[in-house]
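Q: Handing you a structure now.
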Amino acid sequence: MASACCPCVHVMTFVFSQNIPISSHGKHLGFACGPGDILVYETLYKQSGASGSCSSFIHEVRKDEEIHSPILRKLFNESHHIFVGLQTIQEEIPSKNKKSQFVSISKNYRSVIRACIEELQQVAVNTKDSAVCTQYGNQVSILLAIELIWNLCEVLFIDAVGALLLHLLDWVRLHKGDVDEKATHVLQSESPAEHRDYWDVVVGYVLQGRLEEVRQLLVKQATLQPAARNMFKLMDNLLSKMPFYNPGGTQTPTDFDVKWRHWHEEVDRCLQDNSFASNPHLELIAKILVGDEDTLLEHKELVGTWYHFLVTRLLYCHPTVKSTELHFYAHSCMTMFLDPRSVPEALDSILLAAFEFDIHQVIKDCSIALNNWWFVAHLTDLLDHCQLLQSHNLHFGSNLREFLLLEYASGLFSHHSLWQLAVDYFDHCPEFGRVYLELQMERIPLDTERKALKVLRICEQRQMSEQVRSICKIMAMRALRNNRLGSALSWSIRAKDAAFATLISERFLQDYCSRGSFSDLDLIDNLGPAMLLSDRLTFLGKYREFHKLYGEKRFREAAKLLLSLMTAKIAPRSFWMTLLTDALPLLEQKEVCKAKHFKYKMAFKRGGTYWWLWEEDLEVTKVELLRLALARNLAMAIVNEGTVEV
């Protein structure tokens with residue numbers, strides 16, 4: 001964990017804490033960043049002139065609270081699939097085809113966000129716990145802002161087609177849903193035209209440029225006012241003739257400009273003639289159509305936001321606006337709409353940066369305002385694939401895309417199940433991804449053998465040999481402590497740890513001496529080439545093979561194998577007597593084993609001299625039995641060898 005010191009105000013701008021912040025003048029906070037939280041503490045450093053004692057409290061600040069939400073985990077899982085799919089887009093695909101794919105992927109991301117919003121809203125409505133309801137409400141607000149920003153970035157940066165204003169209208173309509181909610185209530189009432197929200201809905205639709213819906217609603221009002229039928233007919237005519245600029249169509253900019261000016265002058269003439277003076281609602285609509293800014297500002301409650309005001313103003317005053325002119329109108333609309341005494345919120349600054357086409361400022365402001373890296377990581381990755389961030393590298397070597405993906409994936413590793421998603425994010429960070437992955441894999445708590453196998457499989461697929469050995473050693477030691485010798489041996493074999501395999505093999509042999517039988521026979525019987533990992537493991541496997549041969553009454557083969565185990569000198573000293581005891585029944589078989597071989601092999605060279613097994617430290621009875629059996633077998637062997645068949 002790295003630590004650093006900074007002024008208090010700088011820390012509190014990018015994290016949120018449940019504790020009371022230390023705000024004494026002149027004091028500094030230190031912080032230590034972990035994978036899922038930050039430890040904040042007051043330092044002993046003091047500026048000149050500062051006074052007061054240092055606090056002894058350490059505050060734990062959660063960074064990625066959202067990863068523990070069961071609903072938002074769906075967001076992480078679904079977006080992971082989209083991310084992996086994005087990485088597979090081939091460089092050879094023509095730019096036009098790739099652009100449509102990028103737009104489709106962006107919409108997929110937004111659909112996942114929208115699904116989570118709807119589920120959170122549903123849960124918030126159904127819950128009876130006020131605290132949970134508030135929590136879900138806050139998460140909905142954050143996701144709505146994220147969707148709003150993402151959609152605008154899609155319009156301005158990813159799609160970036162000629163019909164800019166039409167896309168901005170769709171953007172406003174999608175994120176200004178209160179008009180449709182009111183319209184539903186109005187239309188479901190017994191008399192929609194007499195509903196108290198009727199005119200709010202009509203004006204709301206006008207502000208969004210949804211003129212067909214406006215015409216349909218005005219028909220209902222016209223039926224209630226036969227005397228004003230001509231006035232409503234005139235308004236319907238003006239609404240139907242309003243032109244919309246679509247650069248992708250056959251109409252040239254000049255033709256559209258002529259047509260639009262003619263229509264605009266006609267609406268203005270109707271206002272000058274007081275054609276709608278007797279109906280203030282229709283007069284209001286006409287003033288909006290000519291783009292009267294004072295009228296728009298008088299109805300802020302229906303407009304809602306400065307960026308909605310911007311799009312409405314562009315629609316009715318500057319319908320052929322170019323992308324290069326957006327920043328000018330955005331600045332002026334925000335200045336006109338917001339209270340000059342108020343400070344713009346973080347969302348306002350982010351949207352303004354987007355209208356200025358400052359992608360890096362958008363990412364920077366979002367990184368500060370949001371308390372996790374999901375949004376900026378995925379948006380930056382998509383923009384990077386669109387080749388919009390190629391020139392922006394960080395001073396320490398990694399580009400912006402990789403930096404944000406590494407931060408996001410590191411946060412996922414603090415969760416008990418989402419860490420598996422993080423692996424793919426590290427895989428697609430070519431510069432530092434492998435290093436981060438190796439460090440994170442070593443820190444995963446191996447709570448169960450199933451989880452250990454998952455981690456091991458990931459490491460093996462990526463040829464992370466050091467991590468593979470470390471995991472296997474940890475699991476082998478844990479199994480050994482729990483006296484699960486079979487599991488311990490299996491893990492040590494996977495780790496290719498000869499020393500540990502030797503230790504466990506000796507435990508198997510000790511267990512055999514005390515119990516008279518082997519445990520985990522399936523494992524020992526199927527060691528295969530793995531038994532060559534260590535001499536002791538080889539002995540264990542071959543000794544078990546001897547028992548199988550003996551059980552199958554293949555005594556000659558069993559005797560040869562037992563003899564080879566004695567001559568190979570790989571048996572532990574404590575096991576020598578066991579081997580000789582195993583030879584007793586073979587020596588008594590009618591099929592004579594050559595006793596001279598057994599006799600000769602009973603002496604092992606030790607320290608330059610031969611040291612006999614039955615001297616001093618072995619049970620006298622067993623030694624006598626061995627001597628007797630060897631003598632009998634030797635006599636039988638001599639007789640057999642000296643007998644001539646006639």
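Q: I need the calculated FRET efficiency for the pair D129 and H360, taking r as the beta carbon distance and R₀ as 30 Å, to the nearest 0.05.
A: Numbers: r = 41 Å, r/R0 = 1.37.
My answer for the efficiency is 0.15.
Q: I've got another one for you. Suppose R0 equals 30 Å. What FRET efficiency, 1/(1 + (r/R0)^6) with r the Cβ-Cβ distance, do R554 and A499 give to the nearest 0.05? Present the calculation step by step, with values, prior to reporting the outcome.
A: Details: r = 34 Å, r/R0 = 1.13.
My answer for the efficiency is 0.30.
Q: Between L456, F432, S410, whose Cα lies farthest towards the positive end of the dipole of the stretch 407-470 when Lys and Arg beta carbons carry +1 and Asp and Glu beta carbons carry -1, centred on the Cα centre?
A: Among L456, F432, S410, the one farthest towards the positive end of the dipole of the stretch 407-470 is L456.
Q: Can you pull out the trypsin sites (Lys or Arg not before Pro) in the stretch 107-186 that DSSP calls coil and that have at most 13 other Cβ atoms within 10 Å? Spell out each step's value before the answer.
A: On the way: sites: K107, R110, R114, K128, R173, K176, K182; in loops: K128, K176.
Within the stretch 107-186, the qualifying trypsin sites (Lys or Arg not before Pro) (loop, at most 13 other Cβ atoms within 10 Å) are K128.
Q: To the nearest 10 Å², what's T252's accessible area with a 1.4 Å probe?
A: Ignoring ligands and nucleic acids, T252 comes out at about 60 Å².
Q: Taking the mean number of other Cβ atoms within 10 Å as a proxy for protection, how do you rank 150-158, 303-311, 459-467 from highest to lowest? Let's see the in-between values first.
A: On the way: 150-158: 21.0, 303-311: 22.8, 459-467: 15.1.
Packing proxy ranking, top to bottom: 303-311, 150-158, 459-467.
Q: While we're on this one: Give K74/K99; K98/K364; K220/K259; K454/K496; K451/K473 a once-over and call out the pairs whose C-alpha atoms are over 23 Å from each other. Intermediate values should be presented prior to the final figure.
A: Values: K74/K99 27 Å; K98/K364 26 Å; K220/K259 29 Å; K454/K496 19 Å; K451/K473 15 Å.
Long pairs (Cα-Cα over 23 Å): K74/K99; K98/K364; K220/K259.
Q: From the protein chains alone at 1.4 Å, what is the descending order of accessible area for T538, T581, largest first? Don't skip to the answer; put the middle values down first.
A: Details: T538 25, T581 50 Å².
Output order, biggest surface exposure first: T581, T538.
Q: D522 versus L453, label points 7 Å from Cα toward the beta carbon: distance in nm?
A: 1.1
Q: Which one, A131, F102, V112, projects farthest toward the positive side of the charge dipole computed for the stretch 56-204 from Cβ point charges (K/R +1, D/E -1)?
A: F102
Q: Could you give the distance between the Cα centres of the stretch 512-554 and the stretch 133-157, to the whole Å?
A: Taking the Cα centre of each part, the stretch 512-554 and the stretch 133-157 sit 64 Å apart.
Q: Okay, moving on. Given a Förster distance of 60 angstrom, what is the FRET efficiency for K569 paired with Q90, based on the Cβ-Cβ distance and rounded to 0.05? Show your work: numbers first, answer last.
A: On the way: r = 61 Å, r/R0 = 1.02.
Result of the calculation: an efficiency of 0.50.
Q: Bin width 10 Å, alpha-carbon pairs only: give the P(r) of the stretch 312-416 as whole percents, running from 0 to the bin holding the largest distance.
A: Answer for the stretch 312-416: a P(r) of 13, 35, 29, 17, 5, 0 percent.
Q: Dipole of the stretch 247-397 (Lys/Arg Cβ +1, Asp/Glu Cβ -1, origin at the Cα centre): which of H378, L282, P344 lies farthest to the positive side?
A: H378
Q: Does a label point 7 Å from the Cα of H416, set along Cα-to-beta-carbon, have any residues of the stretch 425-463 with amide nitrogen under 18 Å, and which are they?
A: Only 443-455 fall inside the zone, counting backbone N under 18 Å.
Q: Here's something else I'd like to know. What GluC sites (Glu not before Pro) in the stretch 68-119 are in a loop by DSSP, with at most 11 other Cβ atoms within 10 Å of the Cβ? Kindly include the intermediate steps, with their values, before the conclusion.
A: Numbers: sites: E78, E91, E92, E118, E119; in loops: E91, E92.
Answer by residue number: E91, E92.
Q: I want to verify the translational diffusion coefficient of the stretch 395-442 in µm²/s; compute it with Stokes-Einstein, Rh as the Kirkwood radius over Cα pairs, at 25 °C and 0.890 mPa s. Intermediate results must be reported in sequence, preceding the final value.
A: On the way: Rh = 10.5 Å.
Estimated via Stokes-Einstein, D reaches 233 µm²/s.
Q: Residue separation times 0.36 nm, minus the C-alpha to C-alpha distance between D197 and A277: what's the value?
A: Working: separation 80, 0.36 × 80 = 28.80 nm, distance 2.16 nm.
26.6 nm is the gain from fully extending D197 to A277.
Q: Roughly speaking, what is the stretch gain from E60 to I368, that is 0.36 nm per residue apart minus the C-alpha to C-alpha distance, in nm to one decimal?
A: That works out to 109.0 nm of additional length.
Q: Report, in whole Å, the centroid distance computed from the Cα atoms of the stretch 189-233 and the stretch 239-307.
A: Cα centroid of the stretch 189-233 versus Cα centroid of the stretch 239-307: 17 Å apart.
Q: Once you compute Rg and the Kirkwood Rh from C-alpha atoms, what is the Rg to Rh ratio for the stretch 173-356?
A: On the way: Rg = 17.3 Å, Rh = 17.7 Å.
So for the stretch 173-356, dividing Rg by the Kirkwood Rh gives 0.98.
Q: Under a plain spin-label model, where a point goes 7 Å from the Cα along Cα-to-Cβ, how far apart in nm are Q463 and D511?
A: It is 3.6 nm.
The values are calculated or read from the model by the stated rules, or taken from the named source; none is laboratory data. Every value quoted in this text rests on a predicted model; they were computed, and no experiment measured them. Every residue, glycine among them, receives a Cβ derived from its backbone with ideal geometry; neighbour counts consider all protein chains shown. Heavy atoms of the whole protein, side chains included, go into the accessibility calculation; ligands, DNA and RNA do not. Shrake-Rupley method; radii C 1.70, N 1.55, O 1.52, S 1.80 Å.
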